[in-house]
Structure formats: structure tokens, C-alpha cells
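Engineer: Here you go, one structure.
The values are calculated or read from the model by the stated rules, or taken from the named source; none is laboratory data. From a predicted model like this one, the values you see are computed outputs, not experimental measurements. So basically every Cβ, Gly included, is an ideal-geometry build from the backbone, and we count neighbours across all protein chains shown. The accessibility values were calculated without ligands, DNA or RNA, using every heavy atom of the protein model including side chains. Shrake-Rupley method; radii C 1.70, N 1.55, O 1.52, S 1.80 Å.
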Amino acid sequence: MTVRPDTGPTRAVTPPVDFTDLYEGHFHRIAVQLHAYLGDPAEAQDLTQEAFCRLLERWDRVSGYDDPSAWVRRVAWNLATSRLRRVRTAVRHLARQREEYVPGPEPDRVALTRALATLPATQRRAIVLHHLAQLSVREIAEQVGAAEGTVRSWLFRGRAALATHLTERQEAHDA
């Protein structure tokens, strides 16, 4: 910097840089650096292109810098680092979301589910709450707002219908 008594400190004036010359002179160099950093040439070129697009948006200001290529290089490296962070975060997220193999239902389970579907809703609910949720008749009656005798009736009728349905299925399977 030079100091002039009449105007104060000023920056040394550098000849104006042409955007096209800067692009042609530095694009490949920056893309090669990012390729080595990222391991993906297409990604490196995309990020280098993005950095130059951002430079073009700010060309009026950045063209006056002593070294505009340093600015675009810094932006490209920041973009690459951000991309690596996002990829790393996505990989960690996907690793936590990995689906585990769960075998399908056994044939008996499928048959029971189909048989339950044939029952009236009240009987089906009573069977499920009593045999799967292990609730007592009193607890079922309180939950559904019915008398205990009614719940016992639902259970009796539901069991009888299931026995008939499953016996018929077994006989058809054996034949």
C-alpha cells in the first residue's frame, strides 16, 4: 500500500483481470485438486463450475482482488468439504436405517389371521384381547364397555367359529 497525503491509504492498482482468462487458466487446475480430494472427477468438475458461477455473480467486487483465483479456489474447496460432510451424514443416516431381514409369517399365522378376519368385530376383538393381549374377561369388559357375560359369550362364539374354520382348512389341506 502506498500513502498519499491527500487521499489516505490506497491499494496498489492491479490491471483488470478478464473472467474468461481466469476461468480458462484455473478451471482445470482447481478441478484436478478437487478430484484428488473427492475421488470423483464429475463431482469435482461440478463443484469447480459452481465456484466459478459464484465468482461470476460477484465479479464486480472480486475482480479487484489481488488474486481472484485464490477466492474461487477457496470457494471450490469449501463446497467440496461441505459435500463430503453431507455425504458422510447421509451414509451414517442410511446405516441406521438399514432394513433387517424379517422372515414372513408362518402358514399357521396366515391361516389364523384369515380365520380371525371372518369373525364379527366384537368376537374378533374379544379373542385378540384375551388370547394375544392376555387381558381377563373383566378387563375386556371394562375396556369395551360391555358386561362380563357378553364378553364370555363373544369369546365362546369366536372360539367355536375359529375351530370350525381352522378344522375345515386342515381337512381341505389333508385331502
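Engineer: Would you calculate a helix-derived [θ] at 222 nm for the chain, using -39,500 (n - 2.57) for each DSSP H run of n ≥ 4 and dividing by the full residue count, to the nearest 500? Working shown, then result.
Structural biologist: Details: 8 runs with 124 residues, N = 175.
Helices in the chain give a 222 nm mean residue ellipticity of -23500 deg cm²/dmol.
Engineer: Further question: With contacts defined as alpha carbon pairs under 8 Å and 6 or more residues apart, what's the relative contact order of the range 116-175 in percent? Present the calculation step by step, with values, prior to reporting the outcome.
Structural biologist: On the way: 34 pairs, mean separation 21.4, N = 60.
The value is 36 percent.
Engineer: How many percent of the accessible area of the chain is carbon or sulfur, using a 1.4 Å probe?
Structural biologist: Summing carbon and sulfur atoms, their accessible area is 54 percent of the total for the chain.
Engineer: Before I look further, what does the range 74-161 give for accessible area per residue, probe 1.4 Å, in whole square angstrom?
Structural biologist: Ligands and nucleic acids excluded, the result is 74 Å² per residue.
Engineer: Go through the range 134-151 residue by residue and turn each phi into a ³J(HN,Hα) via Karplus (6.51, -1.76, 1.60, θ = phi - 60°); whole Hz please, and just put x for glycine and proline.
Structural biologist: These are the phi-based 3J(HN,Hα) values: 6, 8, 6, 4, 4, 5, 5, 4, 5, 5, 8, x, 10, 6, 4, x, 5, 5 Hz.
Engineer: Hey, what did the range 66-175 get for relative contact order, percent, Cα under 8 Å, at least 6 apart?
Structural biologist: Numbers: 39 pairs, mean separation 25.3, N = 110.
That works out to 23 percent.
Engineer: Select from 122, 48, 89 the residue whose mean-square fluctuation is largest in a Gaussian network model of the chain (Cα-Cα springs shorter than 10 Å).
Structural biologist: 122
Engineer: How about the range 93-140: which trypsin sites (Lys or Arg not before Pro) there are in a DSSP loop, with at most 16 other Cβ atoms within 10 Å of their Cβ? Present the calculation step by step, with values, prior to reporting the outcome.
Structural biologist: Working: sites: 96, 98, 109, 114, 124, 125, 138; in loops: 98.
Counting only loop positions with at most 16 other Cβ atoms within 10 Å, the trypsin sites (Lys or Arg not before Pro) in the range 93-140 are 98.
Engineer: Mind checking which of 126, 75, 137 is farthest towards the positive end of the chain's charge dipole, using Cβ charges of +1 (Lys, Arg) and -1 (Asp, Glu) about the Cα centre?
Structural biologist: Ranked along the dipole, the leading option is 137.
Engineer: Need one number: the % of Cα-Cα pairs in the chain sitting beyond the 23 Å mark. Working shown, then result.
Structural biologist: On the way: 10389 of 15225 pairs.
For the chain, the fraction of Cα-Cα distances above 23 Å is 68 percent.
Engineer: Quick query: amide H of residue 146 versus all other amide H atoms, modeled in the peptide plane; which residues come in under 5 Å with a sequence gap of 5 or more or a different chain?
Structural biologist: none
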